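Visitor: First the structure, then my questions, so here it is.
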Amino acid sequence: MALFTISEPGQSKLRAHAPRKRAVGIDLGTTNSLVATAREGKAEVLRDAEGRALVPSIVTYSATQAPRVGLRDYADAADERSSIASVKRLMGRSRSDINYQLPYTLEDSPNGGMPLIHTAAGKLSPVQVSADILRHLAKRGEEALGGELDGVVITVPAYFDEAQREATRDAARLAGLKVLRLLSEPTAAAVAYGLDKKLEGTVIIYDLGGGTFDVSLMQLQQGVFRVIATGGDAALGGDDFDRAIANWVLEQQGATERPDSHDWRELLRRARAAKHALTDAEETPIEFAGWQGVLTRATYYSLVDALIDTTLRACKRVLRDARMKPEDLSDIVLVGGATRSPRVREKVAAFFGREPLCSIDPDEVVAIGAALQADVLVGNKYGAETLLLDVIPLSLGIETMGGLMEKIIPRNSTIPVARAQEFTTYKDGQTAMSLHVLQGERELVQDCRSLARFELKGIPPMVAGAARVKVTFQVDADGLLEVSAEETTSGQKASIVVKPSFGLQEDDIAEMLKQSYAKAEEDKRLRSLREKQVEALRHIEALESALEADGEALLSAEERKELVGMMEELRSVAATEDADRIEILTNRLNERSLDFAARRMDAGIRQALAGRRLDDVDQ
Amino acid sequence: MSSSSTLNYFELLGLPESVELDRSALERAYQSLQSQWHPDQFAGADATTRARAVQQTSLINDAYRTLREPVSRAAHLLALRGIEPDRLEQRELDPAFLFEQMEWREELEAKRGNEAALGQLGVKVDERFKTTWRVFAEALAKEALSEAKREFHKLQFLGRLQYEINEAEALLLDD
């Protein structure tokens, strides 16, 4: 266990005889999703029996059958109505955020979070629909790798905010997956180019997918992938090009009312076909509901240029944030299916003044990067050390008097990051303080996204302005935030930790988990038992080697005796089928050994500070 | 900032404590510590270990950020000498400097929207920042701490002005 292998940070933690672990990278896209796996630094996307890598991100629900994922053609109209596409756009969003037409019915959720979607299988949260897609992809991975997955890396748009990342993580939990990391899509693409094409230097990753746009400015150098600045639009993608054409058709046709959802789907399909036809042709015929017309390239450009310009403005801002100019860049990398569009390529090339790179398939590159990183994170080391330094895309802060947002962590801060700020009471004898956590760049609270509200209670009564409430923001490597608050002047401390869980509450997740577990109760029980046994043995093994290495130096004889006693007890219980007891004893041992681990880590960082490793010192 | 007064970020990164900083040494030290402590190195570990790795790397990130930017580095150097850099006494700033600041701020307001004029103002402020920095460095070298603190506050003002000029230029780009 890494907890105890800290004396050799950054080194291989896996012994040579350890079995290969099964890990995949998942690109959970708005229109299409992919799964890939890697071995020894070579990744490949996993295909179905017909050789197709792309899985349409569509889930078809029925009242009687299990959900089907990736159906391209519908057997009947009932299928079509219950087919949920582009669910990624709903993740971490409330109904008021959705200002475009959807071919299915939404309903406000009772707790004011993400809306529920009406399907033949009942009302479902976007998180449940995403979980179904993840299950399907994971299954493809399990079949290809011959067993249960040990871990997955799931990519998210760099510009996804807290609520969207939380929702994605919840979906993975619901699908029963162990998430090694949520990785930004442009960062994943950079990993693929860096490891596979040996790309180095300062690069722009321009990532235009079906429903999201991201741009990241990154430095790539000998296995270090560092995001300098990032920007984008979490609700702009190639699908919007189709929508622009469809709306143009309706306008030409003089339609007075919106088509129903069946006709709208059909219109979008034709719009997409016309868009593809214009790649080679100067113009293409298009017809819809009795109307016939011709879409020329010039008209098409007039429809989509504004959308492409929006992406270029985001590029400009990112260069600005990084204090750089297009000349400072060594390469531009294109990612995402929508970058196949010649118009996009033309305008990107003109903006940056050079031809962009697209030597890895823009649909596959994100999944490939995710797979390469998953292989490393799960512990299948093969010599290539990578370090991924990501940033948060949007500033995090707190509401202050007058409805203003006070930034605590500015955008583009490298994560993990922790920052604290002090606040005080404004009334005499005030014993509670309510805190409103926000994300965004604007000054006014109403223009920012509300992530969480919580109250700090138990502040001892004092005169106004005397209390010192320290609010700490901590963002982990996945970009997920934890906020804690604490009153520091009195001996009496009150503190609270809140995780923004926009939309889904812990109870909701627990309930959904229960539903999905109900069918396979016994399998789960066994699986859970195995996991607990393995976890227990890993702890024992790690502690043993830690004791061997540093037990003498860092622990008293009494402390050593206690740890060894607990370890032996756990070893004998781990051989039984008593999962609860294994867990209790594992946790107890873990707790007891925390202090030892902390001492080792402190010793470790002292060595690191001195520029040496423990093994140098031992000699 | 209270923790920074106890923890020496130069030491944390294994760099000599100095006003001027070797940028490439900073980068090297930062990347080497990050690769040792980044939570990705502990992906398979238990929650407590991961939480600890997150704390360590947050600290390393903060140290890097503090030392990289001249103004925060100056504040840190003062804090290490037991001086609370955030507390500004009115008498510490000379009226001529404040007057000049007010003039430059008015100039910034007047020139919003004019890219070339903003650029010129930026050059002027950068120049003043450089000369002030030299005075700060000399004061610190002879441990003339109250003088160093006075110059630091000037750097703070100038740094903020630089930031605002930059933001004004960024706004022009958005149109």
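The values are calculated or read from the model by the stated rules, or taken from the named source; none is laboratory data. Note that the structure is predicted; figures quoted are calculated from it, not measured. Cβ atoms come from the backbone with ideal geometry, glycine included; neighbour counts cover every protein chain shown. Just the protein is used for accessible areas: all its heavy atoms, side chains included, with ligands, DNA and RNA removed. Shrake-Rupley method; radii C 1.70, N 1.55, O 1.52, S 1.80 Å.
Visitor: Of (1) in contact with a helix residue (DSSP H, G or I) (Cβ under 8 Å, 6 or more places away or on another chain); (2) touching a residue at least 40 places away in the same chain (Cβ under 8 Å); (3) of a type outside the set (Asp, Glu), residue A:184 satisfies all except one. Which?
Guide: Here residue A:184 meets the rest and fails (1).
Visitor: Which numbered condition trips up residue A:309, out of (1) part of a helix (DSSP H, G or I); (2) crowded, with 19+ Cβ neighbours inside 10 Å?
Guide: In the conditions (1) part of a helix (DSSP H, G or I); (2) crowded, with 19+ Cβ neighbours inside 10 Å, residue A:309 misses (2) alone.
Visitor: Do we find a residue being more than 19 Å from residue A:133 (Cα to Cα) and touching a Phe, Trp or Tyr at 6+ places or on another chain (Cβ under 9 Å) anywhere in region A:165-174?
Guide: Scanning region A:165-174 turns up no residue that is more than 19 Å from residue A:133 (Cα to Cα) and touching a Phe, Trp or Tyr at 6+ places or on another chain (Cβ under 9 Å).
Visitor: Looking at A:289, A:277, A:244, which is the one that is more than 22 Å from residue A:334 (Cα to Cα), at pLDDT 90 or above and not β-branched (Val, Ile, Thr)?
Guide: A:244
Visitor: Further, regarding this structure: Looking at A:148, A:142, which is the one that is open to solvent by 50 Å² or more (accessible area, probe 1.4 Å), in a loop (DSSP other than H, G, I, E, B) and in contact (Cβ under 8 Å) with a residue 60 or more places away in the chain?
Guide: One residue alone meets the criteria, A:148.
Visitor: Let me ask something additional. Can you pull out every residue in region A:9-19 that is within 14 Å of chain B (Cβ to nearest Cβ) and modelled with pLDDT under 50?
Guide: Listed by number, the residues that qualify are A:9, A:10, A:11, A:12, A:13, A:14, A:15.
Visitor: Here's another thing I want to ask about it. Any residue in region A:157-164 that is modelled with pLDDT under 95, part of a helix (DSSP H, G or I) and of a type in the set (Gly, Ala, Ser)?
Guide: Yes.
Visitor: Looking at region A:353-391 only, could you name the residues that are in a helix (DSSP H, G or I) and farther than 30 Å from residue A:274 by Cβ?
Guide: A:368, A:369, A:370, A:371, A:372, A:373, A:374, A:375, A:376, A:377, listed by residue number.
Visitor: Among the numbered criteria (1) of a type outside the set (Lys, Arg); (2) out of contact with any helix residue (DSSP H, G or I) (no Cβ under 6 Å at 6 or more places or on another chain); (3) open to solvent by less than 30 Å² (accessible area, probe 1.4 Å), which one does residue A:254 miss?
Guide: Result: residue A:254 passes all but (3).
Visitor: So which residues in region A:213-230 are within 30 Å of residue B:41 (Cβ to Cβ) and open to solvent by less than 10 Å² (accessible area, probe 1.4 Å)?
Guide: Passing the criteria: A:214, A:215, A:216, A:217, A:218, A:220, A:225, A:227, A:229, A:230.
Visitor: Moving to a separate point now. Would region A:363-377 turn up any residue that is acidic (Asp, Glu), open to solvent by less than 10 Å² (accessible area, probe 1.4 Å), within 29 Å of the chain's Cα centre (by Cα) and within 14 Å of chain B (Cβ to nearest Cβ)?
Guide: The answer is yes, given that some residue of region A:363-377 is acidic (Asp, Glu), open to solvent by less than 10 Å² (accessible area, probe 1.4 Å), within 29 Å of the chain's Cα centre (by Cα) and within 14 Å of chain B (Cβ to nearest Cβ).
Visitor: Across region B:31-53, what is the number of residues that are open to solvent by 10 Å² or more (accessible area, probe 1.4 Å) and more than 7 Å from chain A (Cβ to nearest Cβ)?
Guide: 4
Yes/no matrix, rows are residues, columns are (1) among the charged types (D, E, K, R); (2) in a loop (DSSP other than H, G, I, E, B); (3) closer than 17 Å to residue A:474 by Cβ; (4) in contact with a Leu (Cβ under 7 Å, 6 or more places away or on another chain):
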| position | (1), (2), (3), (4) |
| --- | --- |
| A:351 | no, no, no, yes |
| A:411 | yes, yes, yes, yes |
| A:418 | no, no, yes, no |
| A:422 | yes, no, yes, no |
| A:425 | no, yes, no, no |
| A:434 | no, no, no, no |
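Visitor: On to the next question. Of the residues B:98, B:108, B:118, only one is within 21 Å of the chain's Cα centre (by Cα) and assigned to a helix (DSSP H, G or I); which?
Guide: Step by step, each of B:98, B:108, B:118 is checked, and only B:98 is within 21 Å of the chain's Cα centre (by Cα) and assigned to a helix (DSSP H, G or I).
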